[in-house]
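The values are calculated or read from the model by the stated rules, or taken from the named source; none is laboratory data. Owing to the predicted nature of the structure, the values given are computational and were not obtained by experimental measurement. Cβ: placed from backbone, ideal geometry, glycine included. Neighbour counts: every protein chain shown. These area figures cover heavy atoms from the full protein model, side chains too; ligands, DNA and RNA do not enter into them. Shrake-Rupley method; radii C 1.70, N 1.55, O 1.52, S 1.80 Å.
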Amino acid sequence: MVVTALSSPPEERRLALVPSAVERLVKLGHEVRLPAGYGAPLHLADEAFAAAGARMLAPEGAADGAEIVLVVTPPEPEAVRGLAAGTFVVGFLDPFFSLPTVRALAEGGLRGMCVELMPRSTYAQKMDALSSQASLAGYAAVVLAAQRIDKVLPMMSTPAGTIAPARVFVLGVGVAGLQAIATAKRLGARVDAYDTRPVVAEQVRSLGARFVEFDLGGEQGQTEEGYAQALTEEQLARQRTQMAKVVSQSDVVITTAQVFGRPAPRLLDAAAIAGMKPGSVVVDLAAVSGGNVEGTVAGEEVVTDGGVRILGLHPLPASVARDASLMYAANLTFLIEHAWKDGAMRPAAEDGIVDAVLLTDDGAVRHEAVRARLEASA
Ligand code: NAD
């Protein structure tokens with residue numbers, strides 16, 4: 001198959017292909033064509049891609065004739081309108097929120113393969129881009145907080161006195177939260193963590209952090225896929241009230257709470273932020289899906305009147321773009337390796353992974369919940 005990748009928007013420094021992934025695709029028998037300058041966000045020269053086996057073409061026509069188009073972020077509808085029906089568009093497609101893109105994919109007869117829909121199974125782990133990127137986001141959030149806060153994270157004993165360790169509170173302990181806990185612990189912080197899925201308590205403790213428990217009443221747990229069940233408004237209100245004390249004692253709060261397919265739950269309101277010490281830092285990893293924190297602006301740093309910095313983490317900081325690209329390109333390459341057999345894609349009916357990720361096919365949206373969202377928005 002002919003594989004290409006679309007250049008990302010300027011604020012996004014990650015790439016969907018790096019030279020090692022190109023090499024792998026070429027070994028698998030694919031032809032890789034890329035627009036000249038594709039690697040510029042990471043200072044990767046065209047020669048590096050060419051040496052790996054890619055053909056570097058003038059940007060205008062680079063996607064002509066491509067059968068598989070890789071993306072980092074959902075492409076603008078105009079970017080996919082020129083693609084021939086049947087072309088695969090593979091990558092983060094943000095299916096519940098980038099509805100114009102989903103509509104353009106379906107209307108163009110394109111086959112969107114949406115990596116957010118990857119099953120969270122052990123087998124699929126190497127193709128799981130949500131996990132690879134969330135892990136880096138968890139790390140980046142702590143490093144960013146450490147740079148922006150006005151104190152050190154570890155305890156330090158000096159001749160002039162002892163500095164207490166910073167207190168870090170991680171809210172939401174999925175893949176990103178676990179990496180945030182591990183990173184904050186490595187930097188010597190004292191870490192508390194909370195999640196509505198009680199199953200994570202043991203994982204939190206195994207990283208040396210404290211799992212805080214709140215009584216929210218009613219049911220809380222996880223879906224069959226392992227995602228958090230959405231809380232009721234009443235439960236969320238109880239959670240906010242009970243968390244206020246831990247939040248006020250924390251120097252850094254990192255929020256990562258997501259509920260699949262829905263806007264992020266609002267966990268910290270203005271009153272909770274006002275209760276934090278001046279100079280404290282909140283990093284909201286859910287900023288792009290609405291934010292866990294009142295006042296978050298995706299991609300921006302907001303300083304409250306009380307001197308608390310709220311960082312809406314988006315996109316993934318440039319500081320991790322190289323490794324994030326390496327992981328993401330590997331995830332996509334493994335997906336291609338898994339899904340394509342003898343020059344064609346395995347039929348969805350015969351392969352659970354293809355069936356899960358194939359969002360649009362034959363002019364239709366295959367995922368029921370996304371289809372319903374699209375119909376409701378029409
Ligand atoms: P996510 O990004 O959907 O959500 C992040 C965390 O926020 C979750 O732990 C969720 O429980 C939590 N959350 C939601 N509402 C909350 C609230 N009100 N307060 C506090 N926390 C709240 O999660 P994810 O990182 O994508 O992980 C989803 C699931 O998939 C997890 O169970 C994870 O262990 C599992 N997973 C499994 C594999 C595998 O290979 N088996 C790989 C990756 C992820």
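Results, tabulated for the structure shown:
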{"quantity": "Only listed residue being open to solvent by 40 Å² or more (accessible area, probe 1.4 Å), of a type in the set (Gly, Ala, Ser) and over 14 Å from residue 118 (Cβ atoms), chosen from 312, 352, 343, 307", "calculated": "343"}
{"quantity": "Among residues of the stretch 355-370, those that are farther than 21 Å from residue 84 by Cβ and crowded, with 17+ Cβ neighbours inside 10 Å, counted", "calculated": "3"}
{"quantity": "Single unsatisfied condition, residue 297 versus (1) within 15 Å of the ligand (Cβ to nearest atom); (2) within 30 Å of residue 369 (Cα to Cα); (3) modelled with pLDDT of 95 or more", "calculated": "(1)"}
{"quantity": "Cβ-Cβ under 6 Å pairs, at least 6 apart or on other chains, the stretch 42-55 side in contact (Cβ under 8 Å) with a residue 24 or more places away in the chain and on the phi < 0 side of the Ramachandran plot, far side open to solvent by 50 Å² or more (accessible area, probe 1.4 Å) and of a type outside the set (A, V, I, L, M)", "calculated": "42/322; 52/23"}
{"quantity": "Cross-chain or 6+ apart pairs with Cβ under 9 Å, the stretch 135-149 first and more than 12 Å from residue 178 (Cα to Cα), then among the basic types (Lys, Arg)", "calculated": "145/309; 148/309; 149/309"}
{"quantity": "Condition met for residue 322 (open to solvent by 50 Å² or more (accessible area, probe 1.4 Å) and within 18 Å of the chain's Cα centre (by Cα))", "calculated": "yes"}
{"quantity": "Residue ID - nearest to residue 136 (Cα to Cα), chosen from residues in the stretch 212-258 that are of a type in the set (Val, Ile, Thr) and surrounded by fewer than 16 Cβ atoms within 10 Å (Cβ to Cβ)", "calculated": "223"}
{"quantity": "Residue 141 being surrounded by 19 or more Cβ atoms within 10 Å (Cβ to Cβ) and either modelled with pLDDT of 95 or more or within 16 Å of the ligand (Cβ to nearest atom) (or both)", "calculated": "yes"}
{"quantity": "The stretch 236-272, subset away from the ligand (no atom under 16 Å from the Cβ) and closer than 19 Å to residue 180 by Cβ, residue nearest to the chain's Cα centre (by Cα)", "calculated": "252"}
{"quantity": "Cross-chain or 6+ apart pairs with Cβ under 8 Å, the stretch 327-356 first and over 19 Å from residue 27 (Cα atoms) and assigned to a helix (DSSP H, G or I), then open to solvent by 30 Å² or more (accessible area, probe 1.4 Å) and small (Gly, Ala, Ser)", "calculated": "355/349"}
{"quantity": "Boolean, residue 125 is of a type outside the set (Phe, Trp, Tyr), within 30 Å of residue 72 (Cα to Cα), within 15 Å of the ligand (Cβ to nearest atom) and not in a strand (DSSP E or B)", "calculated": "yes"}
{"quantity": "Whichever residue in the stretch 30-41 is touching a residue at least 12 places away in the same chain (Cβ under 8 Å) and open to solvent by 30 Å² or more (accessible area, probe 1.4 Å) and, among such residues, is nearest to residue 324 (Cα to Cα)", "calculated": "41"}
{"quantity": "Flag for residue 50 being open to solvent by 20 Å² or more (accessible area, probe 1.4 Å) and in contact with a Gly (Cβ under 8 Å, 6 or more places away or on another chain)", "calculated": "no"}
{"quantity": "Condition broken by residue 217, with the remaining ones in (1) within 15 Å of the ligand (Cβ to nearest atom); (2) out of contact with any helix residue (DSSP H, G or I) (no Cβ under 6 Å at 6 or more places or on another chain); (3) at pLDDT 90 or above satisfied", "calculated": "(3)"}
{"quantity": "Residue list for the stretch 302-319, restricted to those being at pLDDT 95 or above and either small (Gly, Ala, Ser) or in contact with a Pro (Cβ under 8 Å, 6 or more places away or on another chain) (or both)", "calculated": "306, 307, 308, 312"}
{"quantity": "Some residue of the stretch 267-282 being touching a strand residue (DSSP E or B) at 6+ places or on another chain (Cβ under 7 Å) and open to solvent by 50 Å² or more (accessible area, probe 1.4 Å)", "calculated": "no"}
{"quantity": "Residue within the stretch 204-213 that is under 21 Å from the mean Cα position of the chain (by Cα), at pLDDT 95 or above and of a type outside the set (S, T, N, Q) present", "calculated": "yes"}
{"quantity": "Scope the stretch 284-303; condition touching a Gly at 6+ places or on another chain (Cβ under 7 Å) and either over 26 Å from residue 112 (Cα atoms) or in a loop (DSSP other than H, G, I, E, B) (or both); matching residues", "calculated": "284, 291, 296, 297, 298, 299, 300, 302"}
{"quantity": "Hits in the stretch 166-206 - residues which are in contact with an Asp or Glu (Cβ under 9 Å, 6 or more places away or on another chain), away from the ligand (no atom under 13 Å from the Cβ) and open to solvent by 10 Å² or more (accessible area, probe 1.4 Å)", "calculated": "167"}
